[in-house]
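The values are calculated or read from the model by the stated rules, or taken from the named source; none is laboratory data. Everything numeric in this text was worked out from a predicted model, so none of it was measured. Here the Cβ positions follow ideal geometry from the backbone for every residue, glycine too, while neighbour counts run over all protein chains shown. To get the accessible areas, we keep the full protein, side chains included, count just its heavy atoms, and leave off ligands, DNA and RNA. Shrake-Rupley method; radii C 1.70, N 1.55, O 1.52, S 1.80 Å.
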Amino acid sequence: MTTIKRAKGFWLSISLSLIFFAVVQVLIGGGSLNPFYQNTLMFIGINIILTASLHLIIGITGQFSIGHAGFLAVGAYASAVMTMKLEMPFYAALIVGGLASALAGLIIGIPSLRLKGDYLAIATLGFGEIVRIMLLNIDYVGGASGMQVSHLTTWPWVFASVIVTIIVIRNFTSSTHGRACISIREDETAADSMGINTTYYKVVAFAIGAFFAGIAGGLYAHNFYIIQPSNFGFLKSFDILILVVLGGLGSLSGAVLAAILLTVVTTFLQDYPETRMIIYSLVLIVMMLYRPQGLMGTKEITSMFKRKGGSSHEKNKNTAA
């Protein structure tokens, strides 16, 4: 019975998503949605992918990584090289960008994920800065002046990437592998003593998160006409981290909501550069004071409906007794 309910919920979510996609596509095709709103939708989708991918690393596995911009940069430049230098199709470039970031995640993950807490954060921050400095000094990709990229990112590509990212991360979290990652987050020593290969699962989560960050990088690169190493500094990593924390550590729904809300807020405050960061910071301070667990805490939107259903079931059970 539970499996049937989950299947119904899954297909209902997919159906609603497809309806939303169709409505937006009709608005874009009819010219009702101007380029500004189209670009905002692109940013929202890219930020959802980035937030969901970091959610898997920090919120599910409990590994404090602040080098996510490095994976974003690897994916962006790898996909840009594929399309601009090697003239590969866009879908192949996205996959190559994701795989390149996943490989980078393995390279940095295998030696550094034996570290914990602040030490891991420093190691991942160093990785992000190494990537940025390397890109500054590689003339093949334009160095500091940046690399010209064709505008290939469209609404269907962004939507499809978001859906695939959420489905994969959600299913991974619900699997036995995901539960192993959650056990590591809760108590790594206890998980290790129970026979869970903690290093293996941390590396797997890191690689999957890096892969989707690379996909986001490919979409990000081809949404502009030029990409520069300065776009992928450590402040970009902190921006993504803020989205995860604001949504609620351990909540995929919260990560998605935070990505939507903060992207909209920052986009519409671009006309007020002097006050934008002040308002942005005040929102974060108020949030941390009055709701430190984030928008959703560790709960998902679906759990709210389950709780309501469960309470009525218990009520009927008690009445029958």
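For this structure, a couple of remarks:
- Under the condition of being in contact with a helix residue (DSSP H, G or I) (Cβ under 8 Å, 6 or more places away or on another chain), part of a loop (DSSP other than H, G, I, E, B) and open to solvent by 10 Å² or more (accessible area, probe 1.4 Å), the residues counted in the range 273-294 number 0.
- In the range 240-250, the residues that are in a helix (DSSP H, G or I) and surrounded by 19 or more Cβ atoms within 10 Å (Cβ to Cβ): Ile240, Leu241, Leu243, Val244, Val245, Leu246, Gly247
- Check on Gly117, at pLDDT 90 or above and within 23 Å of the chain's Cα centre (by Cα): no
- Residues (out of contact with any helix residue (DSSP H, G or I) (no Cβ under 9 Å at 6 or more places or on another chain) and either surrounded by 15 or more Cβ atoms within 10 Å (Cβ to Cβ) or over 17 Å from Gln228 (Cβ atoms) (or both)) located in the range 127-154: none
- Looking only at residues in the range 251-264 that are among the small types (Gly, Ala, Ser) and at pLDDT 85 or above, the one that is most open to solvent (accessible area, probe 1.4 Å) is Ser253.
- Residue in the range 109-117 that is touching a residue at least 12 places away in the same chain (Cβ under 8 Å), of a type outside the set (A, V, I, L, M, F, W, C), open to solvent by 30 Å² or more (accessible area, probe 1.4 Å) and out of contact with any helix residue (DSSP H, G or I) (no Cβ under 7 Å at 6 or more places or on another chain) present: yes
- Hey, Leu72 within 18 Å of Ser174 (Cα to Cα) and within 13 Å of the chain's Cα centre (by Cα) or not: no
- Any hit, the range 155-170, residues being of a type in the set (Lys, Arg), open to solvent by less than 80 Å² (accessible area, probe 1.4 Å) and touching a residue at least 24 places away in the same chain (Cβ under 8 Å): no
- Residue selected from the range 23-60 under the condition polar (S, T, N, Q) and assigned to a helix (DSSP H, G or I), by the criterion farthest from Leu219 (Cα to Cα): Gln25
- Criterion (modelled with pLDDT under 90 and among the small types (Gly, Ala, Ser)) met by exactly one of Ala123, Ala78: Ala123
- Among (1) touching a Phe, Trp or Tyr at 6+ places or on another chain (Cβ under 7 Å); (2) more than 30 Å from Leu18 (Cα to Cα), the one test that Ser145 misses: (1)
- For Met88, the conditions (1) open to solvent by 20 Å² or more (accessible area, probe 1.4 Å); (2) modelled with pLDDT under 90; (3) not small (Gly, Ala, Ser) all hold with the exception of (2).
- Within the range 55-69, the only residue that satisfies the criterion of being closer than 15 Å to Ile122 by Cβ and of a type in the set (Ser, Thr, Tyr) is Ser65.
- Taking the range 216-229 as the range and being crowded, with 23+ Cβ neighbours inside 10 Å and more than 10 Å from Ser53 (Cα to Cα) as the test, the residues that pass are Gly217, Gly218, Leu219, Tyr220, Ala221, His222, Ile227, Pro229.
- Where a residue in the range 194-221 is more than 15 Å from Leu99 (Cβ to Cβ) and its partner, wherever it lies, is open to solvent by 40 Å² or more (accessible area, probe 1.4 Å) and in a helix (DSSP H, G or I), with Cβ under 6 Å and at least six apart: Thr198/Asp192; Val203/Ile110
- Test: residue in the range 198-215 that is surrounded by fewer than 18 Cβ atoms within 10 Å (Cβ to Cβ), among the aromatic types (Phe, Trp, Tyr) and modelled with pLDDT under 85: no
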